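Trainee: Quick one: this structure, given as structure tokens, is what I'll be asking you about.
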Amino acid sequence: MAGDDPVIQPDDSNLEQFGYKPEFHRVLGFFADFSVGYSYMSPLAGFYALFAYALTTAGPSFFWTMPLVLLGHTVNALIFAEISSQYPIAGGVYQWARRLVGERWGFLTGWMYFLALVGVAAGLAAGVAPYLAALIGVEATNTFDNCVSLIIIVLSASLNLIGTRVLGKMSELGVWAGLIGLAVCGVYMLLFARVQPFHVLFEDFGVGVGHRTGAMLAASLLGIWIFFGHEACGDLAEEVHDASREVPRAMLTTMLAGGGSALLIALGMILAVPDMAGAVSGVVSNPADAALRNALGPMGATAMFGCLMLVAFSATISVIASTSRLLFSMGRDRMIPFSASMSHVNPRTGLPTAAVIAATVLPCVVLLVGSFAPHIAEAVINFATAGIYTTFTMVLLAAVFARLRGWSPSGPFNLGRCGWALTVIALVFEVGALINLVWPRPSSPDQSIVSVMLIPIVLIVVFCIGIAFSARHSVTDPGSC
């Protein structure tokens, strides 16, 4: 039983208590691990991409949904930090679910997370192309987008394969690019480029009249789409110094720094929109671009596209790293095909080479399929966020189940008596966020019922396939592996 596991102390000698041989090089400190999570979250790029959606859905008052979503995710991060402190093992959510409940639940959690990460990697790589096109002044055609996306995936994998130190440095690059964006889009625009009064934050400009609650719930998807990535800090736990202490710190710092950045960027960008009525009505198709150009001019806006490109690129690197460690961890437990290859670590580089390659090929397949069947790629990418939230819900369900069986967290980071209540609060929030995320919302009156229901249908099908696969594995005591 999970509660019988001893208190986990940091570093390699204690990894053997789980029955695993230390194979990775522990070269990541707190800041590097935090950078993986922050880069993955990429609040600057996420907000820039979703700003127009939120404005046209609920008006500038959508801003108030963001701190509420951030609060819910912060509670989730506290629970994940407590679990990761006791189980600082590569593969993160898969290992947590497996240790708390058992092998089949762990496999199913890892399955959902794996497919979600594939979609996230493909989506992030695809997001780089428009920024590059704007940066170099070319038209972002489908051919251009596909070629750039594939190059980004391959380049991200190549940097992953050089070594964990390089991975950490590239993730830190995303943090610094994001901080530049924060300074410009948040601080500078709030102090020197504000054209809207503060009371605009409480106005809707006529959007959602008669169904205001539904409009705000839909607009809250901006925060739901942005405020995750903290779990990635646990994916590389076996490469972090004093992981049982530093991984929880990195998770919580990712949530607070990333969430705080997003709130400040949102405040600066909303108040810097030159034509709010046009932005809310959709006449101004890209209000983020309009705000940047009005505040910084063409040259400044172009420089910001460079920051956005670096943020998205760094996020792609981090997601491929997370995917490869998940494959390694599941392969080490003989849970997936080609387990021996997936779990092999190159002793020179300290990296699971085959797992990194697999984490590269699959997003490329999604992008290649999207070149001639864009709806399929769109379905995979849209499934990604729903898959992430399903994974979060499954880990929290595992924590509730384990507590009911007597599990008491025993890692260095411990919530004490508050743990039970916070676990329930986090579970309620994640279930609500998942329902909100998959809720069918037609984008036009003539949209088919199949396209409206696509995300929940794909989610259910993927989950059922995972159940079928998990039934083929024999159940073992999670503490024995």
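The values are calculated or read from the model by the stated rules, or taken from the named source; none is laboratory data. Keep in mind the model is a prediction, meaning the values are calculated, not measured. Methodologically, a virtual Cβ is constructed for each residue, glycine included, from the backbone with ideal geometry; neighbour enumeration extends over all protein chains shown. Accessible surface is based on the protein model in full, side chains and every heavy atom, while ligands, DNA and RNA are left aside. Shrake-Rupley method; radii C 1.70, N 1.55, O 1.52, S 1.80 Å.
Trainee: Could you check segment 21-34 and list, in sequence order, the residues that are in contact with a Leu (Cβ under 7 Å, 6 or more places away or on another chain) and open to solvent by 10 Å² or more (accessible area, probe 1.4 Å)? Please lay out each step first, then the result.
Mentor: Applying the first criterion (in contact with a Leu (Cβ under 7 Å, 6 or more places away or on another chain)) to segment 21-34 yields 22, 28, 33.
The one that is in contact with a Leu (Cβ under 7 Å, 6 or more places away or on another chain) and open to solvent by 10 Å² or more (accessible area, probe 1.4 Å): Pro22.
Trainee: Assuming Met251 fulfils every condition listed in (1) open to solvent by 30 Å² or more (accessible area, probe 1.4 Å); (2) at pLDDT 95 or above apart from one, which condition is it?
Mentor: (1)
Trainee: Going by the conditions given, is Thr56 assigned to a helix (DSSP H, G or I), under 21 Å from the mean Cα position of the chain (by Cα), of a type in the set (S, T, N, Q) and surrounded by fewer than 24 Cβ atoms within 10 Å (Cβ to Cβ)?
Mentor: When the stated conditions are applied, Thr56 does not pass them.
Trainee: Here is a follow-up. Would segment 135-146 turn up any residue that is assigned to a helix (DSSP H, G or I) and open to solvent by less than 10 Å² (accessible area, probe 1.4 Å)?
Mentor: Checked segment 135-146: no residue is assigned to a helix (DSSP H, G or I) and open to solvent by less than 10 Å² (accessible area, probe 1.4 Å).
Trainee: Same structure again: Based on this model, can you work out whether Ala126 counts as assigned to a helix (DSSP H, G or I) and closer than 25 Å to Ala54 by Cβ?
Mentor: Yes, satisfied.
Trainee: Same structure, new question: In segment 274-288, which residues are part of a helix (DSSP H, G or I), more than 27 Å from the chain's Cα centre (by Cα) and buried (at least 20 other Cβ atoms within 10 Å of the Cβ)?
Mentor: Initial filter on segment 274-288 (part of a helix (DSSP H, G or I)): 276-281, 287-288.
Still in the list and also more than 27 Å from the chain's Cα centre (by Cα): 276-281.
The answer is Met276, Ala279, Val280.
Trainee: Quick one: which of Ala312, Ala321, Ala291, Ala303 is open to solvent by 10 Å² or more (accessible area, probe 1.4 Å), aliphatic (A, V, I, L, M) and either in a helix (DSSP H, G or I) or closer than 17 Å to Asn160 by Cα (or both)?
Mentor: Ala303
Trainee: Can Val361 be described as surrounded by fewer than 24 Cβ atoms within 10 Å (Cβ to Cβ) and touching a residue at least 60 places away in the same chain (Cβ under 8 Å)? Show your work before the answer.
Mentor: Numbers: surrounded by fewer than 24 Cβ atoms within 10 Å (Cβ to Cβ): yes; touching a residue at least 60 places away in the same chain (Cβ under 8 Å): no.
When the stated conditions are applied, Val361 does not pass them.
Trainee: Could I ask something else about it? Please go through segment 10-31 and give me each residue that is assigned to a helix (DSSP H, G or I) and either modelled with pLDDT under 90 or acidic (Asp, Glu) (or both), ordered by number.
Mentor: Asp12, Ser13, Asn14, Leu15, Glu16, Gln17, Phe18, listed by residue number.
Trainee: Any idea which of Gly268, Gly260 is free of Cβ contacts under 8 Å to residues at least 12 places away in the same chain, part of a helix (DSSP H, G or I) and within 18 Å of Phe63 (Cα to Cα)? Write out each step before concluding.
Mentor: Working: Gly268 fails: free of Cβ contacts under 8 Å to residues at least 12 places away in the same chain.
Sole residue among the options that is free of Cβ contacts under 8 Å to residues at least 12 places away in the same chain, part of a helix (DSSP H, G or I) and within 18 Å of Phe63 (Cα to Cα): Gly260.
Trainee: Kindly check whether there is at least one residue in segment 35-50 that is on the phi > 0 side of the Ramachandran plot and either surrounded by fewer than 24 Cβ atoms within 10 Å (Cβ to Cβ) or β-branched (Val, Ile, Thr) (or both).
Mentor: The answer is no, given that none of the residues of segment 35-50 is on the phi > 0 side of the Ramachandran plot and either surrounded by fewer than 24 Cβ atoms within 10 Å (Cβ to Cβ) or β-branched (Val, Ile, Thr) (or both).
Residue by residue, here is whether (1) part of a helix (DSSP H, G or I); (2) surrounded by fewer than 17 Cβ atoms within 10 Å (Cβ to Cβ); (3) of a type outside the set (Asp, Glu) holds:
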position	(1), (2), (3)
Arg348	no, yes, yes
Thr390	yes, no, yes
Val395	yes, no, yes
Trp420	yes, yes, yes
